[in-house]
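Peer 1: Below you'll find the structure I mean.
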Amino acid sequence: MSTLCLLLGDHLSLNMSSLSSINKQTDTVLLCEVKAEATYVKHHKAKIAFLFSAMRHFAISLQDNGYKVEYVHYNDENNQGSLFAQVQYMVKQLGIEKVVLAKPGEYRLFQDVETWTAKLNIPVVVRDDNRFMASEQDFTDWAEGKKQYRMEFFYREVRRRFNILMDDKQPVGGKWNFDADNREKLPKNLSPPEPTTFPPDAMTKDVIALVKEEFGDHFGDINDFHYAVTREQALEVLKVFIADRLPKFGTYQDAMVQDQAWMYHSHVSFYINAGMLHPEEAILAAQEAYYSGHAPINSVEGFIRQILGWREYMRGFYWYFMPGLKTDNYLQAVNALPEFYWDGKTDMNCLSQCVKQTKEHAYAHHIQRLMVLGNFALLAGLDPEQVNEWYLIVYADAYEWVELPNVSGMILYSDGGHLASKPYAASGSYINKMSNYCSHCHYSVKEKTGPQACPFNYLYWGFINKHKDKFEKNPRMAMIYRTMAKMDQTKLGHMLDDADKFIIKLEQNEKV
Ligand SMILES: Cc1cc2nc3c(=O)[nH]c(=O)nc-3n(C[C@H](O)[C@H](O)[C@H](O)COP(=O)(O)OP(=O)(O)OC[C@H]3O[C@@H](n4cnc5c(N)ncnc54)[C@H](O)[C@@H]3O)c2cc1C
Ligand code: SF4
């Protein structure tokens, strides 16, 4: 029986579950660059270039490892334009009797795949997606019967189970979580190392030319493309991170600096999410850096928590709460995404900086995504559907399984608090504490009302006031409502007026 193994564009690993029982003599592996996947949202140009180039390089590794590969380029005559049509075409051409793939990372595609057996009239086997350490079932078993789903408790369970940073049954260092040590601003005399970059080879140059030609109207710049496109290069990024950046990763994890995109972060999400690195490799490398005395516990635990905690948790959370998660809108937010999310043209320097870096690199680090771009979207009541689409488009590491829980659960509270115990809402003083953005801004972070006041300041109180019925009884927000009650009510009234006027300006597309 000859089998067709479909490898999706983010399944670029020789250890993929879908490859596990492939007979190299009789079976065929299919990789295809299809229009439907590249355009169902208008992905950042660099994201398409990264995935197409990584796929082309991976096809060579497969051949070097003895697999028979059918690689369908974007402009090939036999390109059928969608995954199903391509599989159907290959099944006919090659006389295929069975199709195998690993579970796609997006609900819409998984639903489509579930119809294939009937449409093709041959077995279509969907294997577990093994680009994670915990399985979907592990999350379901953990979540079942719970009223609250907090990442911290899931994280402790997987740490115990995989014996990561454990000293017998106790967490190494005596605490599960060292987040309290990870909130320093970057001192002026400290410069993070340059990121690890790779000049495009001939194959990548071809892909860049293709992307300019076919996806010229998509968001983002592509002239400075420098990502890793092979596993070897991705391993190099990880190695350099562990050697040069990890020791300071924890302390400056939340810091933001004018014109600095990369900071002490790892920049491995692109590669882990595309299958080029396994999360366990990154976790074990970081753990080893702690045991060898190279990096302190706050950095190592912080980094491991992002991957073993947040990344695993988000994936389980996505499948557990889909499809409802996609349409949830607990705060009934309906405002349109402002144009400056695309062109960066706003006097709010923090937002302008984060959009500019996103456009240039298809990357922004976590606090930029959460506390600047996300915080604004929450405070300004932006429509979750539009915000989700934006995040899915603009980042090279974005796939719905990870993007949607971060956006609808973490930043917008659209899920009504399944993911977060309270909204991540903050005024300008948080951004000022963690960055030097405010000293380059048209607005004044110290002012609360009036034309020069930082919009985050009055939008924050506008948000708190607007959603009083939903949050007043939340024990983690009681203090905020007590503060609001004690405030000078005339001043509060001015802030609420300023917030309303600001939202009207946004609706009227005026520059803010
Ligand atoms: C609104 C919003 C949207 C996001 N969208 C995505 C997305 O589409 N794809 C994506 O991979 N991450 C997303 N994140 C999480 C995080 O911002 C990125 O993983 C991180 O910025 C990637 O850069 P890095 O590799 O330098 O990460 P580091 O800061 O070095 O962290 C190490 C690794 O931890 C993992 N990680 C950290 N935080 C998270 C998280 N919240 N969820 C899942 N994994 C995490 C990533 O694999 C990351 O590579 C989002 C966060 C927010 C707040
Ligand atoms: S003053 Fe406000 S808008 Fe300007 S950079 Fe600071 S937080 Fe952003």
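Peer 1: So which residues in the stretch 498-512 are in contact (Cβ under 8 Å) with a residue 24 or more places away in the chain and over 30 Å from the mean Cα position of the chain (by Cα)?
Peer 2: Hits for the stretch 498-512 are Asp498, Asp500.
Peer 1: Among Leu284, Leu246, Leu235, which is buried (at least 23 other Cβ atoms within 10 Å of the Cβ) and either farther than 19 Å from Gln368 by Cβ or not β-branched (Val, Ile, Thr) (or both)?
Peer 2: Working: Leu284 fails: buried (at least 23 other Cβ atoms within 10 Å of the Cβ); Leu235 fails: buried (at least 23 other Cβ atoms within 10 Å of the Cβ).
The unique qualifying residue is Leu246.
Peer 1: Given the options Asp259, Asp254, name the one that is touching an Asp or Glu at 6+ places or on another chain (Cβ under 9 Å), open to solvent by 10 Å² or more (accessible area, probe 1.4 Å) and either of a type outside the set (Ser, Thr, Tyr) or within 15 Å of ligand 1 (Cβ to nearest atom) (or both).
Peer 2: The conditions single out Asp254.
Matching residues to (1) under 30 Å from Val387 (Cα atoms); (2) modelled with pLDDT of 95 or more; (3) part of a helix (DSSP H, G or I):
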position: Ser18; (1), (2), (3): no, yes, yes
position: Val29; (1), (2), (3): no, yes, no
position: Met55; (1), (2), (3): yes, yes, yes
position: Tyr74; (1), (2), (3): yes, yes, no
position: Glu77; (1), (2), (3): no, yes, no
position: Val91; (1), (2), (3): no, yes, yes
position: Val99; (1), (2), (3): no, yes, no
position: Gln111; (1), (2), (3): yes, yes, yes
position: Lys119; (1), (2), (3): no, yes, yes
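Peer 1: Only one of these is within 16 Å of ligand 1 (Cβ to nearest atom), not charged (D, E, K, R) and not assigned by TED's automatic domain parsing to the domain that holds Glu152: Ser435, Ser439, Ser429. Name it.
Peer 2: That would be Ser435, the only listed residue that is within 16 Å of ligand 1 (Cβ to nearest atom), not charged (D, E, K, R) and not assigned by TED's automatic domain parsing to the domain that holds Glu152.
Peer 1: Would you pick out the residues in the stretch 301-338 that are on the phi < 0 side of the Ramachandran plot, assigned to a loop (DSSP other than H, G, I, E, B) and free of Cβ contacts under 8 Å to residues at least 60 places away in the same chain?
Peer 2: Val334, Leu337
Peer 1: Considering only the stretch 345-371, state which residues are among the hydroxyl-bearing types (Ser, Thr, Tyr) and within 14 Å of ligand 2 (Cβ to nearest atom).
Peer 2: Result: Thr346, Ser352.
Peer 1: Are any residues in the stretch 207-222 touching a residue at least 24 places away in the same chain (Cβ under 8 Å) and either at positive phi or open to solvent by 80 Å² or more (accessible area, probe 1.4 Å) (or both), and if so, which ones?
Peer 2: Passing the criteria: Lys212, Asp217, Gly220.
Peer 1: Please give the helices (runs of 4 or more DSSP H) falling wholly within the stretch 380-496 in which 2 or more residues are open to solvent by less than 20 Å² (accessible area, probe 1.4 Å). Quick ask: steps written out before the conclusion?
Peer 2: Details: elements: 384-394, 400-404, 428-434, 455-466, 468-471, 478-486.
Filter on the stretch 380-496 gives 384-394, 400-404, 428-434, 455-466, 478-486.
Peer 1: Give the residue, chosen from Phe471, Phe502, that is over 13 Å from Ala380 (Cα atoms) and in contact with a Pro (Cβ under 8 Å, 6 or more places away or on another chain).
Peer 2: Testing whether each residue is over 13 Å from Ala380 (Cα atoms) and in contact with a Pro (Cβ under 8 Å, 6 or more places away or on another chain) leaves just Phe471.
The values are calculated or read from the model by the stated rules, or taken from the named source; none is laboratory data. Everything numeric in this text was worked out from a predicted model, so none of it was measured. Every residue, glycine as well, gets a Cβ built from its backbone with ideal geometry; the counts of neighbours run over all protein chains shown. Side chains are part of the model used for accessible areas, which takes the heavy atoms of the whole protein and leaves out ligands, DNA and RNA. Shrake-Rupley method; radii C 1.70, N 1.55, O 1.52, S 1.80 Å.
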